[in-house]
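Worksheet: the structure to be examined is printed underneath.
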């Protein structure tokens, strides 16, 4: 286990060290201490390493992550795992706005609640939130899967493209072009896998699926009221 | 003919009023009303503002005279190089000429068109820029210096392309549509375009107008920190804004940590946007330069943070005027497209078949471009030879640089950056006020001092 004290080493040294690990590194376990809500912690990683951040992080923790497994042993600020490509990021506490924004791959797990715009513009990432999510989540979400074990706020999935949304609790309101859909066996299977990987014991059968009605995919004057 | 007939000639038709077209309800206006009534949707088109606005044409250089010495036109050196990104980036960009090629997306443009832009810019010693569709191999491979746009849509965004870019341009807005997002209609969402954007093929795609994970300059400062951390503080970071509030936008971009600020006026083009947006939102390029320069000067950052101006730059004279007003470089989009063949009269029959004419064609979103530039149709794309297109762009860029040098030498300057507002006068009161230079033949700069 390698330990980096952020308060002592500074952000540049931390990221430079973590980014310089390659696929063959034998330094696979990293502990970051004293994050103190700093921004851009462990961004741009590209190696199969495990990084644990002991405390809460500021904006964009784990941004553009590839391959690495990052655990925030605290809560995460806005834009955690933004544009993640692959790997896994786990937030033990809560996450602020835009968690997993534009993420293209990998798995983001939020053990607490996520704020507004969770999964905004997601492009292939899988996100599992053990608690609730705020308003405008999955706005313009293109692909990937958002799983919410609690409730969802207003305007879920507004202007949704092809992302799949699963919510166990209530949905305060659906956004434009987002509709409730049937759960088919393949959705149960997909959910089962994601919940297991995210360490949740929720039952897939208890979830409701939401997706795009695909009515806004082409301009149509009769839909103008939806915009 | 008796006297009566002589004094009373037969009545002819009474004099009639000449048919007068209304200036308010002009034929183009009426045509648009009929089009809207028939279709029920606003007009979408490409390009920038077509209306006449005060522009570089309304300025003149004074030249050398008794109190200014000119430089010899073909002998004495007049530098054109520029360095962008010297504030924070470890690897600033050095360009031979102060003219860059602006961001245009793969998707809006064909692969060969992007290749032609890359080839031309590289041969001319300057940079080209990606767009809303991500980075293609065509343009990375053929662009020695490539600026990678970081856009609200984040289509194709990934850390590997960020690292192989030569600079990053965070796009807050563009002159054609400050406050609007991109638009690419289904006809142009080919399988390749769809794949790069993670979207289903054939759907109308409306890009976001706001970034998904930051709002405002305080957030942007943190976003820029993240981008620098991901790229090891190597890349210059540009912030591009539409010509909305250039003084404050420039100030806030500098505050957020930009190395370079790009200000794009309303004549700057777009691949597709509502005509009402293009023609009615944003300020003319000429009106944006002095406020942006003033912001940099007030911060003590002029020349430290570089200013790139774009929107309707067409010639070396325009380049020289923008630089004289304080810009470090200019950027061209529409002009570069015309150089590689856009709206060329050789395709007049094809333009006529589309109900338009060479020079006026702007339905780029429909994907039927006769010149093969703004299309994803393989047969049309094949009309553009990227090697020949690149050569034409190179020539055009070189001519613009030569023209700017010609003017600079005439003003006695050994670097185009030494041009200054004092070298200029304005032909109209409006241009004098916007550019902050005297009306020709007077010492009057409207808006400064008193009457």
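Computed per residue of chain B from DSSP H runs no shorter than four, each worth -39500 (n - 2.57), the mean residue ellipticity at 222 nm is -10000 deg cm²/dmol. Axis of helix A:185-197 versus longest Cα principal axis of chain A: the two differ by about 20°, to the nearest ten degrees. Within region B:46-75, whose backbone N sits under 20 Å from a point 7 Å along Cα→Cβ of residue B:29? Once the point is set 7 Å along Cα→Cβ of residue B:29, B:49-54 turn out to lie under 20 Å by backbone N, inside region B:46-75. Using the average count of surrounding beta-carbon atoms within 10 Å as a protection proxy, the listed peptides B:148-159, A:28-39, A:212-223 rank, highest first, as B:148-159, A:28-39, A:212-223. Put simply, when B:212-224, B:76-88 are sorted by average Cβ atoms within 10 angstrom per residue, most first, you get B:212-224, B:76-88.
Judged by the gyration tensor of its Cα atoms, with axes a ≥ b ≥ c, region A:70-204 is rounded; a/c sits under the 1.5 cut. Using 0.36 nm per residue and subtracting the Cα-Cα separation, the extra length available between residue B:52 and residue B:81 on full extension is 7.3 nm. Computed packing ranks the peptides B:302-310, A:121-129 as A:121-129, B:302-310, most packed first, by mean other Cβ atoms within 10 Å.
At a Förster radius of 25 Å, what calculated FRET efficiency corresponds to the Cβ-Cβ distance of residue B:247 and residue B:429, to the nearest 0.05? Show your work: numbers first, answer last.
On the way: r = 21 Å, r/R0 = 0.85.
The value I calculate is 0.75.
Mean per-residue shielding of peptide B:150-161 is 4, counting Cβ atoms of other chains within 10 Å of each Cβ.
What is the average number of partner chain Cβ atoms found within 10 Å of a Cβ in A:11-18?
On the way: counts 2, 4, 0, 1, 6, 3, 0, 0.
Going residue by residue through A:11-18 and averaging, the value is 2.
Across chain B, C-alpha contacts under 8 Å between residues 6 or more apart give a mean separation that, scaled by the residue count, equals a relative contact order of 23 percent.
For Cα pairs less than 8 Å apart in space and 6+ apart in sequence, what is the mean separation divided by the residue count of region A:166-209, i.e. the relative contact order in percent?
Working: 27 pairs, mean separation 26.9, N = 44.
For region A:166-209, the relative contact order is 61 percent.
Of the beta bridges DSSP finds with both residues in chain B, what % are antiparallel, to the nearest 5? Write out the running numbers ahead of the final one.
Details: 12 of 43 bridges.
Here the share of antiparallel DSSP bridges comes out near 30 percent.
Mind jotting down the distance between the C-alpha centroids of region B:34-51 and region B:87-129, whole Å? Using only Cα atoms to place each centre, the spacing works out to 31 Å. Taking the Kirkwood radius as Rh and the Cα radius of gyration as Rg, region B:54-132 has a ratio of Rg/Rh equal to 1.11. Using a Gaussian network model of chain A in which every pair of alpha carbons under 10 angstrom is joined by a spring, one finds that among A:200, A:69, A:159 the greatest mean-square fluctuation is at A:200.
Quick check on the protein assembly as shown: take the gyration tensor over C-alpha atoms, sort the square-rooted eigenvalues as a ≥ b ≥ c, and tell me if it's rounded (a/c under 1.5), prolate or oblate.
Numbers: a/c = 2.22, a/b = 1.44, b/c = 1.54.
Cα axes put the protein assembly as shown in the oblate bin.
Beyond 20 Å, what share of the Cα-Cα pairs of region B:158-252 is found? Please give it as a whole percent.
Working: 2276 of 4465 pairs.
Tail of P(r) above 20 Å: 51 percent of Cα pairs.
Compared with the rule-of-thumb size 2.2 N^0.38 Å for a compact globular protein, chain B has a Cα radius of gyration ratio of 1.09.
What Kirkwood hydrodynamic radius, in Å, does region B:261-419 give when the mean of 1/r is taken over all pairs of distinct Cα atoms and then inverted? Before the final figure, lay out the partial values.
Numbers: mean 1/r = 0.0577 Å⁻¹.
Evaluated over region B:261-419, this radius sits at 17.3 Å.
Start at zero, step by 5 Å, and the Cα-Cα distances of region A:142-203 spread as 4, 16, 28, 27, 17, 7, 0 percent across the bins. For chain A, a/c is not less than 1.5, where a ≥ b ≥ c are the root eigenvalues of the C-alpha gyration tensor, and a/b tops b/c. That puts it in the prolate class.
Peptide A:118-131: average number of partner chain Cβ atoms within 10 Å per residue? Spell out each step's value before the answer.
Values: counts 0, 1, 5, 10, 2, 8, 1, 0, 0, 0, 0, 0, 0, 0.
Partner-chain Cβ atoms within 10 Å, mean over residues of A:118-131: 2.
Can you list the residues of region A:141-175 with backbone N under 13 Å from a point 7 Å past the Cα of residue A:213, pointing along Cα to Cβ? Correct set: A:158-160, A:174-175. Here the simple spin-label model places points 7 Å from the Cα toward Cβ, and for residue A:1 and residue B:415 these points are separated by 5.6 nm.
Let me check against my output: what whole-number percent is the relative contact order of chain A, with C-alpha pairs under 8 Å and at least 6 apart? Here the relative contact order equals 10 percent.
Helix-only arithmetic for chain A: the sum of -39500 (n - 2.57) across DSSP H runs with n ≥ 4, divided by the residue total, places the mean residue ellipticity at 222 nm at -3000 deg cm²/dmol.
FYI, it's all coordinate maths here, none of it is from the lab. Keep in mind it's a predicted model, so treat the numbers as computed, not measured. Backbone-built Cβ (ideal geometry, glycine too); neighbour counts: all protein chains shown.
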